[in-house]
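Values in this text are rule-based calculations from the coordinates and carry no lab data. Since the model is a prediction, treat every value here as computed from it, not as a measurement. Cβ coordinates were reconstructed from backbone atoms using ideal geometry, including for glycine residues, and neighbour counts include every protein chain displayed.
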Amino acid sequence: MNEGFVIREAQQQDRPAWEALWAGYLEFYNSELPHAVTDATWSRFHDPAEPMQCLVAEDEDGGLLGFTNIVFHRGTWAIGDFCYLEDLFVAPTARNRGVARALIEAVYALADQYGAERVYWLTHESNTTARALYDKVAQNRGFIQYRR
């Protein structure tokens, strides 16, 4: 049981609070995105034809503490879909309360509900605080990401 918060799907009225958290997430990674990308991402969360979803952690007062954005997709290594946990962020004031772990566990539950054969994510090697949690809830399989 989560102390003082619940995990649920993002709703349309969550946009301002989610967007504030999203800005914090982008700032953490020293990144910027065009507003059109944020608009498209938010729209995809609420389009049943899209394989993307957003889960949020909401406190007792209705404020958002954090979010995770996930994408279900096919893979070549399994019959069932994979679940890519693309983004995970918890507001600095809400850290060390179990919010990140609860969001990950909610993703696991949703992936199980959808029959996904794998849940996976990436983080920067320097993100030692997050990696301490990730090492407790998942396996680091040693892969290195390359990009063009």
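Out of all the residues in the range 59-78, is one or more surrounded by 13 or more Cβ atoms within 10 Å (Cβ to Cβ) and more than 24 Å from ALA130 (Cα to Cα)? Yes, the conditions are met somewhere in the range 59-78. Looking only at the range 38-46, decide whether some residue is surrounded by fewer than 17 Cβ atoms within 10 Å (Cβ to Cβ), of a type in the set (Val, Ile, Thr), out of contact with any helix residue (DSSP H, G or I) (no Cβ under 9 Å at 6 or more places or on another chain) and part of a helix (DSSP H, G or I). Scanning the range 38-46 turns up no residue that is surrounded by fewer than 17 Cβ atoms within 10 Å (Cβ to Cβ), of a type in the set (Val, Ile, Thr), out of contact with any helix residue (DSSP H, G or I) (no Cβ under 9 Å at 6 or more places or on another chain) and part of a helix (DSSP H, G or I).
Filtered by the rule that a residue be more than 15 Å from the chain's Cα centre (by Cα), under 25 Å from GLY80 (Cα atoms) and of a type in the set (A, V, I, L, M, F, W, C), the range 115-146 gives ALA116, PHE143, ILE144.
All of (1) farther than 26 Å from GLY142 by Cβ; (2) out of contact with any Gly (no Cβ under 7 Å at 6 or more places or on another chain); (3) not in a strand (DSSP E or B) hold for ALA17 with one exception: (2).
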